[in-house]
Amino acid sequence: MIKRREFIGTLAGGLVAAPLAAEAQQEGKVFKIGFLNLGPPPSSSVFINAFLQSLREYGWIEGKNFALTHKSALFKSERLPELVAELVQLKVDVIVVSNAETALAAKHGTRTIPIVAVAQADAVDIGLVASLARPGGNVTGLSYLGTELVGKQMELLKQAVPNLSRVAVLTRPANPTHLPRSRAAATAAQGLGVKVEPIEARTPSELDQAFAEMRRLRVGGVLVLTDAFFFYASSRLAQLASRSGVPAMYGIRSHVVAGGLMSYGDDQVDWFRRAATYVDKILKGAKPADLPVEQPTKFEFVINLKTAKALGLTIPQSVLGRADEVIQ
């Protein structure tokens, strides 16, 4: 692997210093952290491991001074209100949510319990917070620049596949961020002289149907919008793209590690490390309304050369030279 890191973007306000632990923590208390997840329980994922490791660095030891409760909807969005209600009944001290749907469900389910959102969405646009600098209410955390990144993803896909004239945009309708991102993709594609074909998928079987439709339309590439369901289907998506001969662009590095062609987006493992900072401050007495929401500061462009070769695609050297990581 060849790796080169770049740090891009700005920080939407620094975190306000929380009271000292000695002053704010209740000695001997075991705090309750609720983790609301749209997909399967994340107990063994790289993201939850990064979150727990970061908490340990702040002195939080699971089973000693905090207990973690997972609530997972198994991709049944209609169950989210019920799961939030269960966390409220458990009187958790803070709720951590990992995407736009879970964030909105948590906000609608409680106005008092602090919520730390690792939301794959613009927190202001979807109504999570009043503003990044002054979130107000009981929600804070990290806000994803997904809509802004779509244009760059489309541009890189076009540069990697110069003869690209028709591109599919894979969406999941239940994701509240996908409509604005689809519009952004269409705008970017128009500027590149590329026609967009929006295609939806909600279930594993619909993924098969989606790629069958791509083959029928003879698209030259696909932009897979960032989504929890698509993340858990990373390996399946990579297999379908490879079998269909469709170069794919993603927003998360994990897709490329699973065999996808390339990705451009922020470091989401780092997001969960940073989420632990918010939880630490809240458990020590800080109020979510006083903790500015952060935006990504680190972005990475990753290419899987093995996948490119399997597709019969030669990535231009000018594109390879811009990659932060090339998987051989």
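Table for the structure above
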quantity	calculated
Residues satisfying the stated conditions in region 190-230, i.e. under 19 Å from residue 145 (Cβ atoms) and either hydrophobic (A, V, I, L, M, F, W, C) or not assigned by TED's automatic domain parsing to the domain that holds residue 155 (or both)	223, 224, 225, 228, 230
Count - residues of region 81-113 that are assigned to a helix (DSSP H, G or I), crowded, with 22+ Cβ neighbours inside 10 Å and among the β-branched types (Val, Ile, Thr)	2
Answer residue from region 252-293, given it is charged (D, E, K, R) and part of a helix (DSSP H, G or I) and is modelled with the lowest pLDDT among those	270
Residue that is nearest to the chain's Cα centre (by Cα) [pool: residues in region 208-219 that are buried (at least 20 other Cβ atoms within 10 Å of the Cβ) and of a type outside the set (Phe, Trp, Tyr)]	210
Given (1) at pLDDT below 95; (2) surrounded by 16 or more Cβ atoms within 10 Å (Cβ to Cβ); (3) not hydroxyl-bearing (Ser, Thr, Tyr), index of the condition residue 204 fails	(2)
Qualifying residue in region 295-302 (condition: assigned to a helix (DSSP H, G or I) and either buried (at least 18 other Cβ atoms within 10 Å of the Cβ) or on the phi > 0 side of the Ramachandran plot (or both))	no
When residues of region 30-61 are limited to those that are assigned to a loop (DSSP other than H, G, I, E, B) and among the polar types (S, T, N, Q), the one nearest to residue 78 (Cα to Cα)	43
Total residues in region 156-171, condition under 21 Å from the mean Cα position of the chain (by Cα) and surrounded by fewer than 22 Cβ atoms within 10 Å (Cβ to Cβ)	1
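The values are calculated or read from the model by the stated rules, or taken from the named source; none is laboratory data. Nothing here was measured: the structure is a model prediction, and the numbers come from that model. Virtual Cβ from ideal backbone geometry, glycine too; neighbours counted across all protein chains shown.
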